[in-house]
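Enquirer: Have a look at this one before I ask anything.
The values are calculated or read from the model by the stated rules, or taken from the named source; none is laboratory data. This one's a predicted model, so the numbers in the text were calculated from it and none came from an experiment. Here Cβ is always computed from backbone atoms with ideal geometry, including for glycine, and neighbour counts include all displayed protein chains. Accessible surface is based on the protein model in full, side chains and every heavy atom, while ligands, DNA and RNA are left aside. Shrake-Rupley method; radii C 1.70, N 1.55, O 1.52, S 1.80 Å.
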Amino acid sequence: MTETAPQSAHPLAPAWLPAPADPDALAPLVWSSGVARDAAGELAVQGVPASVLAERFGTPVLVMDEDDFRARARAFREGFDAAFESLCGGADVYFAGKSMLTLSTARWAAEEGLRVDTASGGELAIALRAGVLPEHIGLHGNNKSAAELATALDAGVGRIIVDSVDELEFLAARAAERGQVAPVMLRVTPGVHAHTHDFIATAHEDQKFGLSLTPSATGRDGNEAGVAPAAVAVRTALQADSIRLLGLHCHIGSQIFEADGFGLAAERVLGFLAEVKDEHGVELPELDLGGGHGIAYTAVDEPRPAAEIADALADDVQKAVERLGLTCPRISIEPGRAISGPAGFTLYSVGVTKTVDVDAPDGGTASRRYVAVDGGMSDNPRPVLYDAEYTAALASRTSDAAPVLSRVVGKHCESGDILVRDVWLPEDVARGDLLAVPATGAYTHSMSSNYNALLRPAVVAVRDGEAREVVRRETLDDLLRREVDPQNPA
Ligand code: LLP
């Protein structure tokens with residue numbers, strides 16, 4: 001086999017990644033609905049070609065297909081409203097801001113009838129500045145500061161999601177001092193281990209989030225031996241005059257495809273609601289089942305449509321409330337990635353390409369092609385952090401060259417600075433080409449850094465075939481702005 005032939009049996013290719021028959025073809029589901037190749041073969045979003053985007057906004061650039069984002073937001077809202085209509089009068093959908101929060105995305109979500117979930121004072125400030133109604137904002141966080149809680153109370157946010165007995169007591173005291181009543185959801189961990197990366201699975205017990213539903217063995221940190229921390233928190237909240245307990249919250253993790261995890265979590269938390277009813281005689285009116293709905297990053301991922309997720313969950317919730325004799329609480333969910341992720345792609349310029357010889361698992365030698373682009377782990381740390389897989393496509397043109405197993409890397413001083421671990425790209429990809437990495441709308445802009453003093457990319461939105469900057473590219477002045485110059489401290 002020569003190096004240029006399609007190496008379908010390439011010893012370094014993962015089993016799930018066969019050589020494509022047509023490397024110019026855009027894999028279904030990983031691209032936003034507005035992305036297609038135009039007549040000239042360029043990748044275009046709503047008809048705006050990659051070369052025009054690169055020319056106008058520079059690279060790297062995060063391109064958000066606004067129409068696609070809005071359509072996904074609507075699909076969740078309509079799907080959940082329809083599924084829960086007869087059961088509990090509909091459902092509320094909170095866009096998880098942490099996935100991609102800018103003034104624009106917060107506004108898009110709000111205009112599509114979604115609420116916004118924030119995870120810090122900074123996210124709260126962005127949502128408020130975007131004009132999201134305070135009563136439609138939730139504030140999360142496992143260690144909120146007094147200042148963050150005060151801002152949330154002053155703004156009148158609709159819900160503060162409390163994560164521990166410690167925080168509940170802290171919030172109750174802060175609200176009492178201010179003569180206010182804090183609207184609270186208690187985040188519980190139903191002990192469901194989602195099949196996802198350990199760092200993004202959050203409903204098992206051994207992690208920092210939430211209040212366990214399992215009786216505690218110790219009396220430490222507000223726990224009572226033999227009583228579930230969640231039960232202690234409910235009792236404390238119901239007794240505090242400065243707390244209005246709205247209900248319970250759980251979030252089992254992220255990038256989850258299986259329906260059963262969500263259903264099982266709902267069932268367990270509803271079971272706990274029934275215990276609360278027995279013990280305290282109250283039916284808490286709200287239940288949030290979190291986010292975490294998986295998206296397609298590569299051709300092998302099979303995400304479920306929002307309406308299907310909603311129907312399956314409504315079915316599970318209905319069975320549980322009937323079995324437990326509960327009035328169905330108002331259901332809410334918090335999808336982030338499933339709305340923002342597929343709506344975005346990152347456009348990079350190709351610089352250096354090189355081929356290296358690598359020891360193959362079969363004992364022989366194989367070659368791997370490295371394609372270096374003008375961004376990297378600072379604009380998308382997910383491959384490094386979570387071994388996340390992505391794909392990529394030559395965006396500025398099509399090519400007849402044979403596909404070669406390639407690795408797309410960034411320009412940082414780290415050998416782990418990988419953006420796409422394995423992808424088949426045409427052999428003639430070279431300096432000056434544009435490369436697009438799809439499904440980067442979530443957890444890229446929001447997790448970006450200035451590592452190696454790289455400037456963070458612009459975010460561009462495309463709507464009705466018009467592209468505009470919604471976050472401008474960082475400049476060297478931005479980079480230096482926070483520095484106190486020892487030569488010139490004033
Ligand atoms: N609600 C809560 C309470 C959450 O903690 C999260 C995500 C979400 C909703 C939204 O989850 P989504 O639908 O976007 O999966 N940086 C990681 C993901 C961390 C998720 C943190 N919490 C990543 O890039 O995969």
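Enquirer: Sort Asp81, Asp163 by heavy-atom solvent-accessible area, probe 1.4 angstrom, most to least.
Expert: Asp81, Asp163
Enquirer: Just to verify a number: what accessible area does Trp16 come out at with the full protein assembly present, 1.4 Å probe, Å² rounded to tens?
Expert: Rounded to the nearest 10, that gives 80 Å².
Enquirer: If I require 30 Å or longer along the helix axis, counting alpha carbons, and a Kyte-Doolittle average no lower than -0.5, what helices from the chain are left? Use full DSSP H segments.
Expert: Passing helices, by number: 259-280.
Enquirer: Could you work out the relative contact order of the chain, using alpha carbon pairs under 8 angstrom and six or more residues apart, expressed as a whole percent?
Expert: For the chain, the relative contact order is 21 percent.
Enquirer: Just in segment 200-249: which trypsin sites (Lys or Arg not before Pro) are loop by DSSP and have at most 12 other Cβ atoms within 10 Å?
Expert: Within segment 200-249, the qualifying trypsin sites (Lys or Arg not before Pro) (loop, at most 12 other Cβ atoms within 10 Å) are Lys208, Arg220.
Enquirer: Roughly how many debye, to the nearest 20, is the charge dipole of segment 90-340 about its Cα centre, given +1 on each Lys and Arg Cβ, -1 on each Asp and Glu Cβ, and no other charges?
Expert: The dipole of segment 90-340 has a size of about 540 debye.
Enquirer: Expressed as a whole percentage, what fraction of the accessible surface of segment 90-340 belongs to carbon and sulfur atoms when a 1.4 Å probe is rolled over the protein heavy atoms?
Expert: 49
Enquirer: Of all beta bridges DSSP finds with both residues in segment 90-340, what is the antiparallel percent, to the nearest 5?
Expert: Numbers: 2 of 32 bridges.
DSSP beta bridges in segment 90-340 are roughly 5 percent antiparallel.
Enquirer: Please state the equivalent ellipsoid semi-axes for segment 263-334: what are the square roots of 5 times the Cα gyration tensor eigenvalues, largest first, in whole Å?
Expert: Over the Cα atoms of segment 263-334, the ellipsoid semi-axes are 29, 11, 9 Å.
Enquirer: Could you quote the convex hull projected area for segment 133-184, Cα atoms only and averaged over all directions, in nm²?
Expert: So the Cα hull casts an average projection of 3.0 nm².
Enquirer: Another question about this same structure. How large is the dipole of segment 411-458 about the Cα centre if only Lys and Arg carry +1 and Asp and Glu carry -1, each at its Cβ, rounded to the nearest 20 debye? If you can, show how the numbers build up before the last one.
Expert: Values: 4 positive and 6 negative charges, 53 e Å.
About 260 debye.
Enquirer: Mind listing the Cα extents of segment 69-118 along all three principal axes, in Å, largest one first?
Expert: Each principal axis gives a Cα extent; for segment 69-118 these are 34, 20, 15 Å.
Enquirer: Turning to a different aspect of this structure: Taking the convex hull of the Cα atoms, report for the chain its projected area averaged over all directions, in nm².
Expert: Dividing the Cα hull surface by four gives the mean projection, 26.8 nm².
Enquirer: Using a probe radius of 1.4 Å on heavy atoms only, what accessible surface per residue do you get for the chain? Whole Å² is fine.
Expert: Spelled out: the 1.4 Å probe surface of the chain, per residue, equals 41 Å².
Enquirer: I've got another one for you. In segment 408-450, which trypsin sites (Lys or Arg not before Pro) are in a loop and have at most 15 other Cβ atoms within 10 Å, using DSSP for the loop call?
Expert: Arg431
Enquirer: Let me ask something else about it. Which one, Pro426, Ala237, Ala19, is farthest towards the positive end of the dipole of the chain when Lys and Arg carry +1 and Asp and Glu -1 on their Cβ?
Expert: The Cα lying farthest towards the positive end belongs to Ala237.
Enquirer: Okay, moving on. If I ignore ligands, DNA and RNA and count only protein heavy atoms, how much of Cys413 is accessible to a 1.4 Å probe, in Å² to the nearest 10?
Expert: Using a 1.4 Å probe on the heavy atoms, I get roughly 110 Å².
Enquirer: Over segment 211-255, what lengths in whole Å, largest first, do the semi-axes of the equivalent ellipsoid take, defined as the square roots of 5 times the eigenvalues of the alpha-carbon gyration tensor? Walk me through the intermediate numbers first.
Expert: Numbers: eigenvalues 72, 67, 11 Å².
Three semi-axes, in Å: 19, 18, 7.
Enquirer: Hey, which lysines would be in cross-link range of Lys411, C-alpha to C-alpha under 29 Å, not counting anything within fewer than 8 residues on its own chain?
Expert: Lys98, Lys354
Enquirer: If the cut-off is 18 Å between C-alpha atoms, which aspartates and glutamates fall inside it for Lys277, apart from same-chain ones fewer than 8 positions away?
Expert: Within the straight-line cut-off, Lys277 pairs with Glu267, Glu286, Asp288, Glu322.
Enquirer: Starting from the Cα-Cα distance between Ala312 and Glu275, subtract it from 0.36 nm times their residue separation and give me the gain in nm to one decimal.
Expert: Length gained, Ala312 through Glu275: 10.9 nm.
Enquirer: Just going by the charge dipole of the chain, with Lys and Arg at +1 and Asp and Glu at -1 on Cβ, which of Ala343, Val282, Gly58 is farthest out on the positive end?
Expert: Highest projection toward the positive end goes to Gly58.
Enquirer: What Kirkwood Rh does segment 90-340 have if only Cα atoms enter the pairwise 1/r average? Answer in Å.
Expert: Hydrodynamic radius (Kirkwood, Cα only) of segment 90-340 equals 18.3 Å.
Enquirer: In addition: Sorted from largest down, give the three principal axis spans of the alpha carbons of segment 369-489, whole angstrom values.
Expert: The principal-axis extents, from largest down, are 57, 40, 27 Å.
Enquirer: Also, I was wondering about something else. In the chain, what cysteines have no partner Cβ closer than 4.7 Å?
Expert: Cys250, Cys413
Enquirer: Right, another one. What does the charge dipole of the chain about its Cα centre add up to, to the nearest 20 debye, if the Cβ of each Lys and Arg holds +1 and the Cβ of each Asp and Glu holds -1?
Expert: Its charge dipole is roughly 840 debye.
Enquirer: Using mean Cβ contacts within 10 Å as the protection proxy, how do 59-72, 464-477, 135-148 order, highest first?
Expert: Ranked by mean Cβ neighbours within 10 Å, highest first: 59-72, 135-148, 464-477.
Enquirer: A further question on this structure: Could you point to the residue in Ser164, Leu248, Thr327 farthest towards the positive end of the chain's charge dipole, with +1 and -1 charges on the Cβ of Lys/Arg and Asp/Glu respectively?
Expert: Of the candidates, Ser164 comes out farthest on the positive side.
Enquirer: What figure in square angstrom, to the nearest 10, would you give for the accessible area of Ser378 with a 1.4 Å probe?
Expert: 10
Enquirer: If I take all pairs of Cα atoms in segment 37-126, what percentage of them are more than 18 Å from each other?
Expert: 58
Enquirer: Report, in cubic angstrom per residue, the convex hull volume of the C-alpha atoms of segment 340-393.
Expert: Convex hull of Cα atoms, per residue: 119 Å³.
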